[in-house]
Structures are given as structure tokens and as C-alpha cells.
């Protein structure tokens, strides 16, 4: 044992490469610190500290006056309504589009014949629409809709409807494809129409997964609709933005608490719904 | 089971109807010819995007700023996350574990955008507020992932070092860390990818980067400039997607 211990170097043999790698990363990231205006001193700047200190100081006690709670209940319901209405629109967008882009439902794919290429070309525009809808984040859609249709929940509903429509459409078509497509294809091959093949061959197979994914997305939509309020799209977020602007910390902390409760609630409801429908 | 399904469908329809009723959305007015024409006019005003050299240079700077915010925010989060993950993985007993988990849960449950709005008060308008906001939220996410990694790491190497007389800190550094570092790096890179997307948006509340530029140009009704920034955002996200897909394919296997 003793002789072996003498052979093992006392220093860490990997120290040098590790040091080199660390240095390399630091050098690469160094301009980032300047670009991000990284300056911890700002946090201790007396003026900033005074504002923040005052603001944080007002976080407690919570604002629990009846008037404010009534206002909060209204915006909470508004947030839930925005998420739900937005999801309804999203499904209305996603179902027809996903029906259009699902390859297994293509009649022209079945056999040799005309229309194979035109059928494939026809699937491109809806696929592109779905991609366009979901590649712009919902809060950016909300910002644009606030400018187009004015402040308020309508912008939030439209933003969720479009972004989530794009996401749902893509996932729906993936669910249709990944499930057992043989019933639908068999129906098509024996001469049934596209819609009938979808309704009797594909929809029943895919339904549980569709429901569970949609419910999960609804949960995300609740969170998103709070966030979107920050750009003026109604609901709890807009209220939080207002309270922050007025530096009333008690209101902010109450709203944060309600937000956390809402997220937990949406989580529970969504888990429950998925269990019931699974 | 069939009846439960019918009940759920009825409830969902009712919820959807109630939502539209509660919001009192006037879709007739929203989709009227007049509103439609106005909407089309607004959309058309975004084209063509402003591609003058001067503005492109500004957008480039904004893009770099966005990347810097996400990178530094993620780096800070990785360091803080590891520091919190040590107690959260139960290394120092049950009480620090519960406290650290509570802190991580708190950091994580407040969304980035809310953190950003708060940090604008603490650090002023600009990219630093965005960096801090990302750092707080990401610490919560990453800390929990790190803690789980540490908990799942095999204890034998560190134990062997301890039994042969090494100090606890060194046993951790040489017994546990080498095994978990790849996983920690993978988690950090994965969060960085998400944070680049987030950093582009955080600016809406004044936290720097492309988002702040976009918010300002939209407020000043400079739609062509806004279009340039939207295109830059889409390009950035597409690039990150492609890069991460490529890296995953070539590095992971």
C-alpha cells in the first residue's frame, strides 16, 4: 500500500486542464458582463436602495381591505376567463388546421393517382400557419393586440387563442399520427370520406390524449394570462402592474399570493380533470 | 365512466360559455368591417421592416445584449443554484434541507417577468435588471434540479475518500463532483436555451435587450423598426433551436 501511495501524485493531475477551461469560459463571458451592465454597486446605490427599501417595507402587511379584495376577485375571475376563452379559440383554430395537416388522412397518399403532389402542397400553408402562430411568444402577440384592439382582456384572449392554437394544432396532428392510424387508413381505403375516416377511425383513438394535453395547456394558459396582463391584456397581471407602478407593496404581495394560489388551483383542477378523463 | 365523460364535457362547455359571457367580448365589433380594415392597416404599417445600416447595427447590439443577459443570468443562477442545492440535497441535515427547498420553491414560483418588474425598482431600467430577474427565477429551477442530481449521485466514491481520511469538502469535490458535473452542465445549458427566449421578452417591463427596444418602438408607433426587431427575435430563437438540436445530436451520443 505504502509504495503505491508514493506513486500517486499529491497534486490533482486534472487541475491544469480544469483551470484552462474555467479561464476560457470566463474570457468568453467577460464581454457579457459589460453588455449586461453587470454592476452590483447599483444595488447598493443609496437612492435605489431607498426606493427598494421603502417598496419592500410596504409589502407587509398584506392589503386586505374589502374593496381591494373585491377588485382582486374580479381580476382573478377575469384571468381565469381569459385563459378559458383563449383556449376555446385555440381549439377552434387548432382542430381544423390539425385535421388539414395530418398526413395519414390524405386520400391522395393511398395509391398511385393524380393529386399526390397537389395534396402534399395543400398541407404546406396550414402547417406554415401553425408554425407562424406558435413561433411568436404569447406576450408579444398580446403586446401587438393591445395596440390593435386596445387595453383589456380581448387582447389576452386573442393572444392565447393564436399562440396556443399554433401549439395545440401541431401537437394534435402529432397525436393523430402517433396513435393507431390503421382504422382511419382502412376506412379511407374502403372508400369513406376524409371527415368520416377522421371521426370514426382517428378521433376515438386520440381523444384521451387530446383531452389530457388540452387540459395541461389550459393550466399553462392561466399562468400566461397573468403574465400577459403586464403589457395591458387584462386580468391579475394588469392589476399587479398598476400596483407596482403606484409602489403599493401591500397590494403587490397580496396579488402575488393570489397568483400562487391560482397556479396551485389550476394545477389541482388540471390533475383532477386528467384523472377523470384518462 | 361514460356518464363522467358527458358531465366533464358539459362542465367544460359551460365554463367556456361563462368565460365569454363574463368578459363580455364584443366579437361582432371586433370582427366588423371597420375594425378589420383598421387591423389590416396596422399590419401593413409594419412593412417593409427598417433595414437601414444604422438601425441594423442598433438591433445587433440589442441582440448581443439579450444573449449577454441570458448568459450572465444563467451563470449566476448556476452558481447560486449549486450553493443552495448543497443544503437542499440534505447534506447538512433536515432543517437546512427544508429551508433551502422553501427558498428554491419561492424563487421558482415567481415568474421571470414579475421578477423583472421588481428588479427594475432595485437596479434601475436596463439589462442588469433583466439579468438579476433571470438569475432569481433560474436559481429556483436549477437549484432543485441540482439538488436532485446530488441526491441521486452514488455516495460510494465520496465515502471511500472519507474513510481513507480526506476532509468532507475534498471528498465532495473529488468524490461526488466529477460524477455529477456533466449533468449540472447539461441542466445549465438547457436553462440557458430557455432563458435566451425569455431575455428577449423581459424587456417589455424595461429590463433591457431586444424586448425593451421593441416595446419602445411600438409605443412610439415606429412599426417598421418594430418589425426589424421581431424578425431579429425570431432569427435568434431559430438559431438557438438549430444550435441546441445540433449540439444534442453531436455531443450527447
Select from the stretch B:37-48 the residues that are within 11 Å of chain A (Cβ to nearest Cβ) and in contact with a helix residue (DSSP H, G or I) (Cβ under 9 Å, 6 or more places away or on another chain) and list them in ascending order.
B:38, B:39, B:42, B:43, B:45, B:46
Among the residues of the stretch A:34-82 satisfying the criterion of being more than 9 Å from chain B (Cβ to nearest Cβ) and in a loop (DSSP other than H, G, I, E, B), which is modelled with the highest pLDDT?
A:65
Can you tell me which of A:231, A:226, A:215 is within 23 Å of residue B:105 (Cβ to Cβ) and modelled with pLDDT of 85 or more?
A:226
Which ranges mark the helices (runs of 4 or more DSSP H) fully within the stretch A:83-202 that have 3 or more residues being within 14 Å of chain B (Cβ to nearest Cβ)?
A:124-135, A:138-149, A:153-178
Restricting attention to the stretch B:44-59, the residues that are part of a helix (DSSP H, G or I) and either touching a strand residue (DSSP E or B) at 6+ places or on another chain (Cβ under 8 Å) or surrounded by 13 or more Cβ atoms within 10 Å (Cβ to Cβ) (or both) number exactly 4
Please work out which one of (1) within 9 Å of chain B (Cβ to nearest Cβ); (2) assigned to a helix (DSSP H, G or I) is the condition residue A:222 fails and give its number.
(1)
Just to check your reading of the model, which residue among B:73, B:62 is within 9 Å of chain A (Cβ to nearest Cβ), closer than 30 Å to residue A:247 by Cα and either assigned to a helix (DSSP H, G or I) or over 16 Å from the mean Cα position of the chain (by Cα) (or both)?
B:73
Go through (1) touching a helix residue (DSSP H, G or I) at 6+ places or on another chain (Cβ under 8 Å); (2) within 26 Å of residue B:73 (Cβ to Cβ); (3) in contact (Cβ under 8 Å) with a residue 24 or more places away in the chain and name the single condition residue B:90 misses.
(2)
So, in the stretch B:155-186, how many residues would count as being within 35 Å of the chain's Cα centre (by Cα) and outside any helix (DSSP H, G or I)?
1
Please enumerate the residues belonging to the stretch B:3-36 that are in a helix (DSSP H, G or I), at the interface with chain A (Cβ under 10 Å from one of its Cβ atoms) and under 30 Å from residue B:220 (Cα atoms).
B:23, B:27, B:29, B:30, B:35
Out of (1) touching a residue at least 12 places away in the same chain (Cβ under 8 Å); (2) in a helix (DSSP H, G or I); (3) surrounded by 21 or more Cβ atoms within 10 Å (Cβ to Cβ), what's the single condition that is false for residue B:197?
(3)
Those residues of the stretch B:12-25 which are surrounded by 12 or more Cβ atoms within 10 Å (Cβ to Cβ) and either touching a helix residue (DSSP H, G or I) at 6+ places or on another chain (Cβ under 6 Å) or modelled with pLDDT under 85 (or both) amount to B:12, B:15, B:16, B:19, B:20, B:22, B:23, B:25
Just name the residue that is farthest from the other protein chains (Cβ to nearest Cβ) out of those in the stretch A:226-265 that are crowded, with 23+ Cβ neighbours inside 10 Å and not in a helix (DSSP H, G or I).
A:233
Quick test of your reading of the structure: residue B:163 fulfils all but one of (1) modelled with pLDDT of 90 or more; (2) surrounded by fewer than 23 Cβ atoms within 10 Å (Cβ to Cβ); (3) in contact with a helix residue (DSSP H, G or I) (Cβ under 6 Å, 6 or more places away or on another chain). Name the failing condition by number.
(3)
Does residue B:226 satisfy the condition of being modelled with pLDDT of 90 or more, surrounded by 20 or more Cβ atoms within 10 Å (Cβ to Cβ), under 19 Å from residue B:71 (Cα atoms) and within 11 Å of chain A (Cβ to nearest Cβ)?
no
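The values are calculated or read from the model by the stated rules, or taken from the named source; none is laboratory data. Just so we're clear, the structure is a prediction, and the values are computed from it rather than from any experiment. Note that each Cβ is placed from the backbone with ideal geometry, even for glycine, and that neighbours are counted across all protein chains shown.
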